[in-house]
Amino acid sequence: MDTALQHMADGFLLVDGDWRIFYANPAAERLFRTAGRRADTAVGLLLWEAAEGFRRNGELEQRCRDAAESGEPNGIDVRRPSDGHWYHLRLVPVPDGMSVYVSDIDEARIQEAEATRTRHRAVQRGERIKNLTVALSGALTVQDVVAAVARRVLPPFGASGLTIGVLEESRANRVRIVGAIGYPDSFTAMVETEPVPAVSPVADVLQAGAPLFVDTVEEHIRRYPHMAQRVHASGKKSWAFLPLIASGRPIGACSISFSEHRRLDDAERTLLMALSGLIAQALERARLHDADRDRARELQRGLLPRDLPALPGLTAAARYLPAGEATDVGGDWYDVLPLSSGRVALVIGDVMGHGLTEAATMGRLRTAVRTLADLELAPDDLLVHLNDLVADLGEDLYATCLYAVYDPTDAWCTFAAAGHPPPVLVDPSGSARFIDLEPNSPLGVADPPFETSRLHVPDGSLLVLYTDGLAVTATRPMGRGMDMLKAALDKALEHVGSGAGPAAETGVPTEHGVPTDHGGLGPDPLLDRLCDTLTDALLPSPSDATDDAALLVARPRSFRASDMASWTLPEDPLAAGKARALIREQLADWHLDDLVMATELIVSELVTNAVRYGRGPIRLRLLRSDSLVCEVSDGSLTTPHVRRAAETDEGGRGLQLVMALSHRWGARYEAAGKFVWTEQQLPAAAVAG
């Protein structure tokens, strides 16, 4: 037994009841003789005296006493500074003492520490991948992807620069930089305007499908000497160029750079390659999203009116504000439609939801409104037809709509709404108020009939129509948004009336703070400025908008009495002759003698038809604006039809003559009867009024 102990690689000690060493094998002597107070032997020393050369000596004594008291083995790891190794002292109680085994565990500790570091790196790698995955899952657009990578990849690696480029296959495989972060403005301008060289790190990683790590500026310039200017302009010292591969094909490249020299180890390089796969998938998804969004917005822009008409009875300006970048397009729309006899229709609506389907539905509704408006339907009847159309499109489609018709001959406006927010009337004094309407439910689920409201709109007033996206945000309910809209209107009109705002800049007069006639039929700069003021006040940042928003501001303007003339005609064949005489006299007063002959023929045919096929009362009205309107009304609802007359027919050519002499013509119906109207273009030299 003693021979075996003498040849043990591990140290072995026996300690008596007083904690003195009475036996030490050679391995223990070597360890404790150097560590102890006496250089010749450890025998005779107290155990903790002999172990003074080991750290945690005080704790060793306590462990020994604990083992002796409990009778159970114990142990402790201690470090020996003289050789830097760690040793494990196993304490085993024996009768009248204790045995101590001393094992060198330095290699085991090294392996354990390395395993711990490996586990820690794995945890870190998993955490980084998880964090980037979460961030990229919420990245809808390409710019969202760039921001997520900059936030989640650069800091953990100590990187300071990021560029992401995508392949443009339609342009001979050129790479377009879609994001650059952490670079001087001069470098950013350079990479965004200049194409990526055919021989470059990006081109190489795309061709090879493998990453490229460049540790120094000298190495970069040695590999790509023609890019020295770009390298110096970047201000970076080391780079990692990563291919972005999605669905097995390269779609772009990512560059991560460092402001100081940096050599990435194998684990970091492996991690970057794993992250590049996540970036590629997110980038491809974002590109598809951006393409779909761009197509939808292009469709929407094509469906909205490019320019609003400036009409004798009304001028208008409008704004369409898409929601934030992360939201698909919606179905908000607006329009200004000229009707017969100088009347004007204002329409604004909102298809609920977002996406191509909603944008397409908006286009269909706008087309339907234009078609129904041409039929001269009353606002409530028009909404009935729209409600049927939306109901037929699908159970999940709904839309709000507000339709108004302004008549400049009497300055009255008729409104009807289906689930839409009420418009605002700003009277000539500058006071703004919401018009009280019966909104009914949205189109598709509304319950006709729709209620109409008639309101006198004196000259100098403004009408403000809008969709709920202008008033409502994620933190602002509808009621508060409407209050803010009214307050913004009051403030804007006060600013205009002060002479310090748009009125002072454009020279446009105001009346009690409300912009008045700007003196022509072209675009109205004040209404444009008012639209900008309102949108800036309610949606100062695109990110504030949670829904698309549309705004339509209109300035109605009534016809002057001197531009209108009307007469009641007898219900007999002589009415046509009397009408011709009245026409000649009125057109002479208006200095429109060139139109007398044609107008006499038109009026003669219309009055003759009213006498023959209609019933009284028969009225004739002339309106002078940007055209000459001739209007004959009677109490009959019989619809006039143009028919092809045979050569032997004595009649049937009257309406054909009216069509030939008019720029356009038509009929509209009211409860008391019908109105047949014609429009003739004024001579170039004629000026209304």
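Worth a mention:
- Database remark: amide H of Tyr398 closer than 5 angstrom to the amide H of Met352 (H placed geometrically; neighbours at sequence offset of 5 or more, or on other chains; Pro and chain starts carry no H).
- All aspartates and glutamates inside 15 Å of Lys236 as judged from Cα atoms, apart from same-chain residues fewer than 8 positions distant: Asp185, Asp215, Glu218, Glu219, Glu260
- Segments 174-180, 219-225 sorted - mean Cβ within 10 Å per residue, highest first: 174-180, 219-225
- About its Cα centre, the dipole of the stretch 122-295 is roughly 180 debye, where the only charges are +1 on Lys and Arg Cβ and -1 on Asp and Glu Cβ.
- Per-residue HN-Hα couplings for the stretch 556-564 [Karplus 6.51, -1.76, 1.60; θ = phi - 60°; Hz; x = Gly/Pro]: x, 8, 7, 6, 6, 4, 6, 9, 10
- Averaging 1/r over each pair of different alpha-carbon atoms in the stretch 554-594 and inverting the result gives 12.2 Å, the Kirkwood hydrodynamic radius.
- For the stretch 571-629, fraction of C-alpha pairs farther apart than 16 Å, in %: 39
- Only Lys, Arg (+1) and Asp, Glu (-1) charged, at Cβ; the stretch 561-681 dipole about Cα centre in debye: 360
- Taking amide hydrogens as placed 1.01 Å from N in the peptide plane, the amide H of Leu244 sits under 5 Å from those of Ile251, Gly252, Ala253, Cys254, each at least 5 positions away in sequence or on another chain.
- When the stretch 51-102 is reduced to its Cα atoms, the Kirkwood hydrodynamic radius in Å: 11.3
- Ordering of 15-24, 596-605 by burial proxy (mean other Cβ atoms within 10 Å per residue, highest first): 596-605, 15-24
- Coordinate range along principal axes, alpha carbons of the stretch 561-681, Å, largest first: 40, 32, 25
- Unit charges at the beta carbon, dipole of the stretch 122-295: most positive-side option, Ala246, Ala210, Ala189: Ala246
- Considering only Ile279, Ile256, Met227, the residue lying farthest towards the positive end of the dipole of the stretch 122-295 is Ile279, judged by Cα position with unit charges set on Cβ.
- Around the amide H of Ser259, modelled in the peptide plane, lie the amide H atoms of Ser160, Lys237, all under 5 Å away and 5 or more residues distant in sequence or on another chain.
- Share of Cα-Cα pairs in the stretch 122-295 lying beyond 28 Å, as whole percent: 16
Every number here is computed from the coordinates shown, using simple stated rules; none is lab data. As the structure is a prediction and not an experimental result, all values here were calculated from the model. Neighbour counts are summed over all protein chains in view; Cβ atoms, including those assigned to glycine, are modelled from backbone coordinates with ideal geometry.
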